[in-house]
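J.: Structure incoming, see below.
The values are calculated or read from the model by the stated rules, or taken from the named source; none is laboratory data. It should be emphasised that the depicted structure is a prediction, and the values quoted were computed from it without experimental measurement. Note: accessible area is taken over every heavy atom of the protein model, side chains too, but ligands, DNA and RNA are not part of it. Shrake-Rupley method; radii C 1.70, N 1.55, O 1.52, S 1.80 Å.
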Amino acid sequence: MDNYENNQPQQTTYEADAGNENKQNTNAFAAYYAQTAPKVYVPNKNIFRIAAVISYIIGFFYFKYVFGTIGWDPTVFTNNKGLPYLIFGIVFVIGCEAFAHFTGTTYEYLREKNRSVMEAVIFMVCVLVQSVALCLWGFREDWVACTFQVFMWHATIIYYVLARCGVLSAGRSGILFPIDCLQGFIVVPFGNFALRLETIFRRGDMKEDPEEKEIKAPKFKITARGVITVLLSLFIALIVCIFAFTQLAEVSETFEGLSDSISDTFSKIFGEGFWNRFGDNLFTLIISLPFGCFLFGLVAGALKSKKPEIPEAFFNSCTKGLHQLPDYSAYIIIGSISFLYLVFFGTALYDFINNQGLFAATAHEASTRAVASFWSLIRVILLNFAIMFGSCIFSRDALWEKKGTRIIATVLFVFALGFALLGLYNLCVVYMGSYGFTAKRVLSTWVEGNIIVWCVLMIVRLYKKIPAAQIGLLLGAISFSAVMLAKF
């Protein structure tokens, strides 16, 4: 909703013949893919290679100790199954920051490119706070709350990477949030899924321009013959050292004691059970390879392209021809749904007068009413936001551009705010006020509270140009991280 003004033709990047929208969209796609064609050479390839090797270790740790419950080691992190999340969160943030810095995507670079630096810092802090919360309190007892908690942790990490690498569609979060999610969860990581192997094994220089010749030949070159020679030399050296060790042990008792200590150490390390652990970890390493490819593809793919896979200009150009609905279409659609909402609130007032809608005789009745009203009202409110989002794509003018459409949009979101307050009342007063807190109820309250904030921001946005979507997303991430720090 904040970026609707950018949908006007004069602000788009891709131009086509006026009056021929199909040809315009075709040209937009062609120009976009021509600009985003994959490069043959990877910039700063040494840094990418180092990161690619480290990603094997990070991917192994993630799969074995973080991914779901199947990877929990029975002898490690037994008393604190949330500790691996903290370790992974810290290591991943440090690795991402270092990777971005050494490849030139510094915070100063983001400022120069007019990308949001503030959001990168905020989401980084949110990742660390949620990781600390998982370490302190572990997983919530309710499986729904636990699943939601872990999903939000992953989503925050992915959004942090997009913000830190400067590849958010609009340069910052906003109404294109669904497109950013599509980029972060699917397009960037899976589009660069093979980038790790390509980075490690592809031969060639490290220049972005393949036609640029080497100025100076490399002083050292790794070849298969050289690797075999080194391995053979190490094997011969080992045999020679073992023989010399046994002979010298017969000369000096002190040296013999040192020999016995080293032998005992090796026997403990490589004794019984070593090969079983080695086999299990080797199998885990093989299974973890796709997870490492995903993580490396997400970060390295974003840093390599240095631009969104689906930029705002491209989205604006492709949706330019959809702005067809006149103002009276908004009056019909929003007026109809608002009348339905008015009837609903009339029935709710009747229930209130007859003491039927706000009180429950049993816990089961309160639970049924709270859960049913919660999900129903959530779906209705999301419908309202979908109507607003649809108006930004299909209407000739934004709803806040004209007085009449602004008023009717205000009515729509006043009803949405009323629904949110009613759902919050049923959840907190009727249900939790009488029957206590649970993890699911607390998280549901967080959802309701954020929806109320979003409705207020939307109403303000109708009358004042503010980055409402960006504020709403940031408040959601910050408030969720704060809620996770509480013990419940």
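J.: Give 45/304; 113/320; 440/487; 402/464 a once-over and call out the pairs whose C-alpha atoms are over 19 Å from each other.
T.: Pairs exceeding 19 Å: 113/320.
J.: Give the ranking of 345, 151, 419 by solvent-accessible surface, highest area first, calculated with a 1.4 Å probe.
T.: From most accessible down to least: 151, 345, 419.
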